[in-house]
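The values are calculated or read from the model by the stated rules, or taken from the named source; none is laboratory data. Everything numeric in this text was worked out from a predicted model, so none of it was measured. Glycine also receives a Cβ, built like all others from the backbone with ideal geometry; neighbour counts cover every protein chain displayed.
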Amino acid sequence: MPASKRFAPPGPLGFGGAPLGNMFEEVTDDVAAATLGAAWDAGIRYFDTAPEYGPGISEHRFGHALRDRPRDDFVLSTKVGRLLRADASKGGKHGPFVKGLPFRVDYDYTADGVRRSIEDSLQRLGLARIDVAYIHDCAEDAHGERWREVFDIAMKGAAVALTRLREEGVIRGWGLGVNRVEPCVLALERADPDVFLLAGRYSLLDHPALDVFFPRCADQGVNVVVGGPYNSGLIAGGRTFEYQEAPPEKVAARDRLAAIAKDHGVDLRAAALQFCAAHPVVASVIPGTKNPARVRENVTLMSQPIPAAFWQELKRTGVLPEGAPTPAG
C-alpha cells in the first residue's frame, strides 16, 4: 500500500521563477510584476523561486508581487545550498542570469548555511515565512565528479536542519531541487523529504524519472514538482536544451514529436504540460515565463483537449514508454 501523501504544492500548474531572475535576457521590473500578476489572476497559487536566480532579484520580485496577497492563499518555495555575498565586481551576472543584484553566489550545504539562507530569503522576499525549502543542485551537473561528497554534506547538514525546521513549524516541507534523478533516489533512502522539484527529467523528450524514482515516491507518499516541462524551451520551439544549445539528436527528437503532434492537430506545448501533470506522483508543473501573455497561454494549454490517438501513437512508435501515464484524451 502506498504511504499517505505528504505536503503537496497546489497544482496542476505553478510558476517557475528562473526567467524572472533575468535568465538569458533582462526583464524589467514592470514586466515581471505584470507577469506575476497575470499568474495570480489566472488562478495560479504555487510560486517557486531561488536565491541564485538573479542573483537575488527573482526573490525580490516574487516578494513584491505576493506580500500584499492573503498569505494562506498561496504556496511559496525557495531554495537553500547557496548563499549570496555582496560583491560589486560581479556586476549582477551569474551563470545564465545576465543582470541581477551585486552578489556572488557561494555553495553552502551545512546546517548553519541553511538557516542563514532561509533568513536571507525572507529578507529579500519581505515575507514572514516560506512553505517549502529545496536543497538546490546537490547533483553531478553542478558539482561534477565530487557530487556525492557534496550530497553527503547536504544530507548531514541541510537535510537534518530542514527536518528540524519542519518539526518546528518554520517550513511545511522540504526536498531537493535538482536536474538529476540520482540524488533524489538517494535522498529517499537517507532522509525524510516531503516533495522534490525535478527539472527536465520528466518530459516528452526525457523521462528517466519514470522507472525507479517515481515508483519509490509513490511507495513513500512523496510528491514531485516538475520543472522544465519544455526542456529549457526546446519543446516549445526553441533551440536550447538544459540551458545551452541543443544537441542534434535532441532537436531531431523534438522534430519527430512535432510532426506527430501536427498530424493530430495537437499543440506540442499543451502535450508537454499535460504529459507531465498526468503522472500520479506529480503535484504541480511549473513552467517559467517572462511575460503575461505566455502565462495565460500556459493556463489555456494545460486544459486544451488532446485526442487519445495522439498518446497512442507516441507509445506505438516508441516515443513514450508503454507504461508512462498519459491524459485520458
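Tell me the residue from PHE275, PHE310 that is of a type in the set (A, V, I, L, M, F, W, C) and closer than 30 Å to GLY21 by Cβ, please. Walk me through it before giving the result.
Numbers: PHE310 fails: closer than 30 Å to GLY21 by Cβ.
Checking each option against the conditions leaves just PHE275.
The residues of the stretch 112-139 that are farther than 18 Å from ARG61 by Cα and either charged (D, E, K, R) or surrounded by fewer than 18 Cβ atoms within 10 Å (Cβ to Cβ) (or both), listed by number, are ASP112, ARG115, ARG116, ASP137.
When we screen SER58, SER89 for residues that are out of contact with any Cys (no Cβ under 9 Å at 6 or more places or on another chain), polar (S, T, N, Q) and within 25 Å of PHE196 (Cα to Cα), the only hit is SER58. Of everything in the stretch 133-175 that is assigned to a helix (DSSP H, G or I) and among the aromatic types (Phe, Trp, Tyr), the residue that is nearest to LEU197 (Cα to Cα) is PHE151. Taking the stretch 64-92 as the range and being crowded, with 19+ Cβ neighbours inside 10 Å and among the small types (Gly, Ala, Ser) as the test, the residues that pass are ALA65, SER77, GLY81, GLY92. Every listed requirement among (1) closer than 27 Å to ALA139 by Cβ; (2) out of contact with any helix residue (DSSP H, G or I) (no Cβ under 9 Å at 6 or more places or on another chain); (3) without any contact (Cβ under 8 Å) to a residue 40 or more places away in the chain; (4) not basic (Lys, Arg) is met by GLY95 save one, (3).
Each row is one residue, and each column tells you yes or no for (1) without any contact (Cβ under 8 Å) to a residue 12 or more places away in the chain; (2) farther than 28 Å from MET302 by Cα.
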residue: PRO12; (1), (2): no, no
residue: GLY16; (1), (2): no, no
residue: ASP30; (1), (2): yes, no
residue: GLY37; (1), (2): no, no
residue: PHE47; (1), (2): no, no
residue: ARG61; (1), (2): no, no
residue: LYS90; (1), (2): no, yes
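For (1) over 16 Å from the mean Cα position of the chain (by Cα); (2) part of a helix (DSSP H, G or I); (3) farther than 15 Å from GLY21 by Cα; (4) modelled with pLDDT of 95 or more, each residue gets a yes or a no:
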position	(1), (2), (3), (4)
GLY43	yes, no, yes, yes
ARG61	yes, yes, no, yes
LYS79	no, no, no, yes
LEU83	yes, no, yes, yes
VAL105	yes, no, no, yes
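Selection of the stretch 318-329 for residues being farther than 17 Å from ASP206 by Cβ and either of a type in the set (Lys, Arg) or touching a residue at least 40 places away in the same chain (Cβ under 8 Å) (or both) yields only PRO327.
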